1. Which trypsin sites (Lys or Arg not before Pro) in the range 52-82 sit in a loop by DSSP (not H, G, I, E or B) and have at most 10 other Cβ atoms within 10 Å of their own Cβ?
2. Show me 89-95, 141-147 ranked by packing, highest mean number of other Cβ atoms within 10 Å first.
3. Hey, rough spin-label estimate for Leu36 and Leu495, points 7 angstrom out along Cα→Cβ, what's it come to in nanometres?
4. Using 0.36 nm per residue, how much length does the chain from Ala122 to Leu337 gain when fully extended, once their Cα-Cα distance is taken away?
5. Taking H placed 1.01 Å from N in the peptide plane, check which residues at least 5 places from Glu357 or on another chain put their amide H under 5 Å from its amide H.
6. At R0 = 45 Å, how high is the FRET efficiency between Ile26 and Asp145 if r is their beta carbon distance? Nearest 0.05 is fine.
7. Could you check how much of the accessible area of the range 303-362 is carbon and sulfur, as a whole percent, using a 1.4 Å probe?
8. Find how much the distance from Ala276 to Gln75 grows on full extension, using 0.36 nm per residue of separation minus their present alpha carbon separation; answer in nm with one decimal.
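The values are calculated or read from the model by the stated rules, or taken from the named source; none is laboratory data. What you see is a predicted model, and the numbers here were worked out from it, not measured in a lab. A quick note on method: Cβ atoms are made from the backbone with ideal geometry, for glycine too, and the neighbour counts reach across all protein chains shown. Each accessible area value is taken on the protein alone, full model and side chains, heavy atoms only, with ligands, DNA and RNA left out. Shrake-Rupley method; radii C 1.70, N 1.55, O 1.52, S 1.80 Å.
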Amino acid sequence: MRGKKWNTSSKLGSISQQHLRQRLLITMAVLLVPMLLASSASIFFHKSAASTSRYVLVLGQMVQGVAKLKGFAAQLETDRVYDPEEAKTTYIQTLGYYSALRAADPDGDEIEEDSESETRSALDARTDEVGIDPVLLSQQLGLADAEMPEDLANIWEEEEEAWEEAAATEEEDELSLENSVGTFLLVAAEVFSDGQQDAATLDRFWVEADKLSSELLADVSMQLNTRSQTAGYAPVYLAVLVLVIALFGAVFAWSTVVRPLIREVLRIQAKLQEEARAAKSSDMAKTQFLATISHELRTPMNGVIGAAQLLEMVDLPEEDRELIDILNSCADSQMALIEEILTFGEIEAGALRIKAEPMEVNAFMKNATSFATILAQKKDLSFDLDLPEGAPVVLGDAKRLRQVIVNLVGNAVKFTEEGSVKVKATVERIDGSDEGVFRVAVTDTGMGIAPEHQAKIFERFMQGDSSSSRKAGGTGLGLSIAQGIAHESGGNISLESELGKGSTFTFEMKTKIVNANDGTSPTERNVA
């Protein structure tokens, strides 16, 4: 419909851009929101896992130190080989881990909270004695900025401020790890730091060691193992979660955006193909119409040309003869135009037929370029025709090939204002057989063709330069027809041109070389 336009900026077929944007935004939200939540959970977990792993490590080292101190005490009682320096070092390390855990503020109240407990005061004194800074050590171990996990804090902390009261009122297996290890380390200090290794001191050591019941240590070990396993499995769970979210987002995107869009694109593609077929049919109808009209026009034009030729034989005044010349010139031009349209229609309709007949190259070239000699002289141009030696005979359609040569040479003369036009014909035999290549190169010193025009110079109704083409005339079909004939003949036309220096059009096609006398090929003669 005239005046109707398809607004591609607002719609893609039946899907509006606004609707498509909404689907894309929803899809992005479905993908990004769960991914952000999963990423946040991953960050939180890694921070939590990092702090947990630090507490697990320090608690494990402290429990291991307690076990080593028990082993050293057993060596003393049984008079086995005993290294006092190693035992003292183990005691100091264990006291350091214990002090760092106390200074890490497990309950979130304050660092190494003050207490009136004599036991805690004694532990603080022992810590100062061996040169341990609990707060600094806690920071170095990465505990100061991380809160102890709740399940570990329940085992570690002593809720009562007065440890002595707690120890007097609670059962031994209900005492906290902080309480039990603290009193144990005070007695261990007397044994391994002060050197009091008498029987009474060792008895008190074992009394405090017994408060660290196997159930308590087993509970601590279980909690540590559970924490380690959780830290190992959690990344796998998070990876599975992210994968599930990605798959869900991909399915959602496919069902809500990609699939409808593909359907719409396929629908539009089918519609465009249908329109292309309709346009091609219409174009073919127009071409067929032109071909039919050309046939119909050629008959009366032949009559006009025949009548003009008969009038030339009549004794007419000079003025009438000039009119006859004008009539002949116009009739020839009109006939050439009709011939172009007819040939173009045949090419477009795929109805062009090539007849391969013996053709003497030199005679053919002289006949096809004879018109150019007169045209070149009128424009004061040098015209040079270079022909192969031996007058070879090749198979080709002389009528159609003449159209190609006439077009190429005629354009060269038409668009050259000064200089020369050179035409060189060659026939090259392929590997000594009767197969060969017939090549014609037409070189001029005209204006040349700009690079941006060279790619489309062979398209129909296209000309290298509109201003010069209008000045010289022409339909813009010549090169398109010549290329069509070349392709139908199994050949091609190529172009080399430089703006301001001229152009070279080269036509070449594969053919058979035959004998100039009897029209047979060398193979046929050998068989005979």
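1. Loop-located and lightly packed - Arg80.
2. On the way: 89-95: 20.4, 141-147: 17.6.
In decreasing order of mean packing, 89-95, 141-147 become 89-95, 141-147.
3. Going from the Leu36 label point to the Leu495 one covers 5.8 nm.
4. Numbers: separation 215, 0.36 × 215 = 77.40 nm, distance 12.09 nm.
Gain on stretching Ala122 to Leu337: 65.3 nm.
5. Close amide H contacts, sequence-distant or interchain: Gly396, Asp397, Ala398.
6. It comes out at approximately 0.65.
7. Values: 2090 of 3670 Å².
Taking all protein chains in place, the range 303-362 shows 57 percent carbon and sulfur surface.
8. This chain segment gains 62.4 nm when fully extended.
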